[in-house]
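Just so you know, all these numbers are worked out from the coordinates, no wet-lab data involved. Please read these numbers as outputs of a predicted model, since none were measured by experiment. Here Cβ is always computed from backbone atoms with ideal geometry, including for glycine, and neighbour counts include all displayed protein chains.
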Amino acid sequence: MIPDDTESSPGSTTSLLRTIVGTSLRRLGGWIAVAHLIELAGTVGLPAPRTRTALARVKARGLLLGEARAGVPGYALAPDAVPMLERGDRRIFRPRSMADDDRWCLVSWSVPEESRDLRHQLRRRLTWIGCGAVSPALWICPEYLAEEVEEILADLGLSANATVFLAAEIRGPVEAARWWDLSAIRARHDAFLADTAGTAGTAGAVGAVGEAPAEAYRAWIHGLDSWRIIPYIDPGLPARLLPDDWPGHRSAARFLDLRDRVLPRAHAYVDEVVSAG
């Protein structure tokens, strides 16, 4: 079973470890020595015993495989995990938002009572790609999420139980606050802005990361871990449907600033750790 990006709570040991794995291992050819992984985790504040416990959990979920190379114990990315990480990259590193003339995707479905577990999975997975519930069996999202909606239906074997519509116009009120949990989405944005208040210098933050690669790495992992769930639960609704003080645009600008200024130094730190032997 491959863990989804949304499974672990941001800030937890497991979440931070998954963030380290997701942002580092592919650059390293898909493998890292155990000692180096524990050192990277220590840099972001995770004690070695907690890291080892989380590693066992992540391995059991299918993200990593134990693999020794040249007698050195290490971990390799599970092949089935790579598509999940690549899908996450597309979401996380390229925040999207609707323009006023973009189309909507609506999905209407009917799942029999005897398959209510599938019904629960469908609702959960639609929520976690940013869909809103107009009614229990009618869900809505921006058109750019239509492909992901269809992938979920196919994965659950429910393609024949659903109809997907693309709509250029919705007549009547668009009740964003009822269809989406805007309070929960706002809380995630606010938490990210608070978590990164001292790490970005050009997007409204109060401080800046120093030049030390280890400091950059620590700031990057914590910032990315705080951010990575937002592009899943926030569909990127147009500004006209959101409160005037909506924090999403500030949050996205903060993340992109962090990515552009801090990530290169974070990568340099990883290279430094793994090349030290």
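Computed from label points 7 Å out along Cα-Cβ, the spacing between residue 150 and residue 27 is 3.5 nm. The fewest-to-most ranking of 75, 144, 269, 217 by surrounding Cβ atoms within 10 Å reads 144, 269, 75, 217. Considering only 214, 177, 98, whose Cα is most displaced toward the positive end of the charge dipole of the chain, charges sitting on Cβ of Lys, Arg (+1) and Asp, Glu (-1)? Farthest towards the positive pole: 214.
Principal-axis analysis of the Cα atoms of the chain puts helix 248-275 at an angle of about 30° to the longest axis.
Dipole size in debye (nearest 20) for region 13-89 around its Cα centre, Lys and Arg Cβ +1, Asp and Glu Cβ -1?
Using Cβ point charges on Lys, Arg, Asp and Glu, region 13-89 gives about 180 debye.
Here the simple spin-label model places points 7 Å from the Cα toward Cβ, and for residue 212 and residue 70 these points are separated by 2.9 nm.
Phi angles of region 49-59 translate, via the Karplus equation with coefficients 6.51, -1.76, 1.60 and θ = phi - 60°, into HN-Hα couplings of x, 5, 5, 4, 5, 5, 4, 4, 5, 5, 5 Hz per residue; Gly and Pro are given as x. Projected label points at residue 276 and residue 169, each 7 Å from Cα along the beta carbon direction, are separated by 6.4 nanometres.
Placing +1 at every Lys and Arg Cβ and -1 at every Asp and Glu Cβ, with all other atoms neutral, what dipole size does region 181-275 have around its Cα centre, in debye to the nearest 20?
Once rounded to the nearest 20, the dipole reads 160 debye.
Taking 266, 133, 56 as the candidate residues, the one with maximal mean-square fluctuation in a Gaussian network model of the chain, Cα springs under 10 Å, is 56. The calculated FRET efficiency for the pair residue 135 and residue 94, based on their C-beta separation and a Förster distance of 30 Å, comes to about 0.45.
Full-extension gain between residue 80 and residue 35, please, as 0.36 nm times their residue separation minus the C-alpha to C-alpha distance.
13.8 nm
Applying a 4.7 Å Cβ-Cβ cutoff to the chain, the cysteines left without a disulfide-compatible partner are 105. When each of 64, 17 is scored by the number of other beta-carbon atoms lying within 10 Å, the sequence from fewest to most is 64, 17. Placing unit charges on the Cβ atoms only, positive for Lys and Arg and negative for Asp and Glu, gives the chain a dipole magnitude near 600 debye about its Cα centre.
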